[in-house]
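Below you'll find the structure, written out as C-alpha cells, and then a few comments.
The values are calculated or read from the model by the stated rules, or taken from the named source; none is laboratory data. What you see is a predicted model, and the numbers here were worked out from it, not measured in a lab. So basically every Cβ, Gly included, is an ideal-geometry build from the backbone, and we count neighbours across all protein chains shown. Side chains included, ligands, DNA and RNA excluded: accessible areas come from the protein's heavy atoms. Shrake-Rupley method; radii C 1.70, N 1.55, O 1.52, S 1.80 Å.
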Amino acid sequence: MNQEPIIDRSQDPLGFAREVVGKDPFATFLGIEVEEVRDAYSRVSLTIRDDYCNAGVRTHGGVIFSLADQAFAVACNSRGYQAYALEVKIDYLRATGPGDRIVAEATPVHIGKRVSLWNLAVRTDSGEMVAAAQGLAYHFV
C-alpha cells in the first residue's frame, strides 16, 4: 500500500488533490465524491445510506465530520505542498437521513507559510446548513 502516487504534487497540485487526496481509502470506502477542486477550494459530496445513520435514523455525526474533513484535506492539498489537519471544530445544525445528499465546501480564511485556517460548510442539496466547521492545517513547505 506504500505506493508512490502517479501524480506529482508539485507539478499538478490540483490533480494531486483531486485524484490522490480526494480518493484516499477512507473517502472511497464512504463513497465521498470530489465535485470540484480549485486552488484553495474544494467541494465534495456524499449520499447518506442507511448504514451511515445512528439509532435515531439520522446521519451519524462522524459521517458528517468525515465529509467536512475530506473537503478540508482536498482544499489544503490543492496548493502544491503537503498539508495535515492540526484541529477541526464542528457544530451540527440540522439533521439529515437516508437518501439525503450532502455537500461540503472548504474555503480559506487565512493561508500562512506554515499554517492555514479554513471554513468548512456542510449543506443539503437545497442549500440548508447541516454543519459549520473550522479547520487548522499545518503545511510542509
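Cβ-Cβ contacts under 6 Å between residues 6 or more apart (or on different chains), taken from a first residue in the stretch 1-27 that is aromatic (F, W, Y) to a second residue that is assigned to a loop (DSSP other than H, G, I, E, B) and modelled with pLDDT of 75 or more, are listed as F16/I7; F16/R9. Figure legend. Inter-residue proximity from the stretch 100-118: first residues outside any strand (DSSP E or B), second residues of a type in the set (G, A, S) and surrounded by 14 or more Cβ atoms within 10 Å (Cβ to Cβ), beta-carbon distance below 6 Å, spacing 6+ or different chains. No pairs are indicated.
Taken together, the criteria place L120 among residues that are touching a helix residue (DSSP H, G or I) at 6+ places or on another chain (Cβ under 6 Å) and buried (at least 16 other Cβ atoms within 10 Å of the Cβ). Total residues in the stretch 5-36 satisfying the condition of being over 18 Å from S66 (Cβ atoms) and of a type outside the set (K, R): the figure is 13.
A quick yes/no check of all residues on (1) open to solvent by 60 Å² or more (accessible area, probe 1.4 Å); (2) within 21 Å of S126 (Cα to Cα); (3) aromatic (F, W, Y):
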residue: I6; (1), (2), (3): yes, no, no
residue: F16; (1), (2), (3): no, no, yes
residue: R43; (1), (2), (3): yes, yes, no
residue: I48; (1), (2), (3): no, yes, no
residue: Y52; (1), (2), (3): no, yes, yes
residue: H60; (1), (2), (3): yes, yes, no
residue: F65; (1), (2), (3): yes, yes, yes
residue: V74; (1), (2), (3): no, no, no
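Is it the case that the stretch 90-98 has a residue that's among the acidic types (D, E), over 11 Å from the mean Cα position of the chain (by Cα), farther than 14 Å from R18 by Cα and open to solvent by 70 Å² or more (accessible area, probe 1.4 Å)?
Of the stretch 90-98, the ones among the acidic types (D, E) are 91.
Cutting the leftovers down to over 11 Å from the mean Cα position of the chain (by Cα) gives us 91.
Restricting the remaining residues to those that are farther than 14 Å from R18 by Cα gives 91.
Imposing the further condition that a residue be open to solvent by 70 Å² or more (accessible area, probe 1.4 Å) reduces the set to 91.
Yes, some residue in the stretch 90-98 is among the acidic types (D, E), over 11 Å from the mean Cα position of the chain (by Cα), farther than 14 Å from R18 by Cα and open to solvent by 70 Å² or more (accessible area, probe 1.4 Å).
Considering the stretch 32-52, the residues that are within 18 Å of V130 (Cβ to Cβ) and in a strand (DSSP E or B) include one that is farthest from the chain's Cα centre (by Cα), namely T47.
Just one of the numbered conditions (1) part of a helix (DSSP H, G or I); (2) open to solvent by 20 Å² or more (accessible area, probe 1.4 Å) is not true of G80: (1). So in the stretch 105-138, with the set limited to residues that are among the charged types (D, E, K, R) and in contact with a His (Cβ under 8 Å, 6 or more places away or on another chain), which one is nearest to S66 (Cα to Cα)? Across the stretch 105-138, the extreme among qualifying residues is R114.
Whenever a residue of the stretch 28-57 is under 20 Å from V74 (Cβ atoms), its partners that are open to solvent by 50 Å² or more (accessible area, probe 1.4 Å) and among the polar types (S, T, N, Q), lying with C-beta atoms within less than 8 angstrom and at least six residues away or across chains, give the pairs G31/T47; A40/T107; Y41/T107.
Taking the condition open to solvent by 20 Å² or more (accessible area, probe 1.4 Å), in contact with a Pro (Cβ under 7 Å, 6 or more places away or on another chain), at positive phi and not hydrophobic (A, V, I, L, M, F, W, C), does G31 pass? Spelling it out, it is not the case that G31 is open to solvent by 20 Å² or more (accessible area, probe 1.4 Å), in contact with a Pro (Cβ under 7 Å, 6 or more places away or on another chain), at positive phi and not hydrophobic (A, V, I, L, M, F, W, C).
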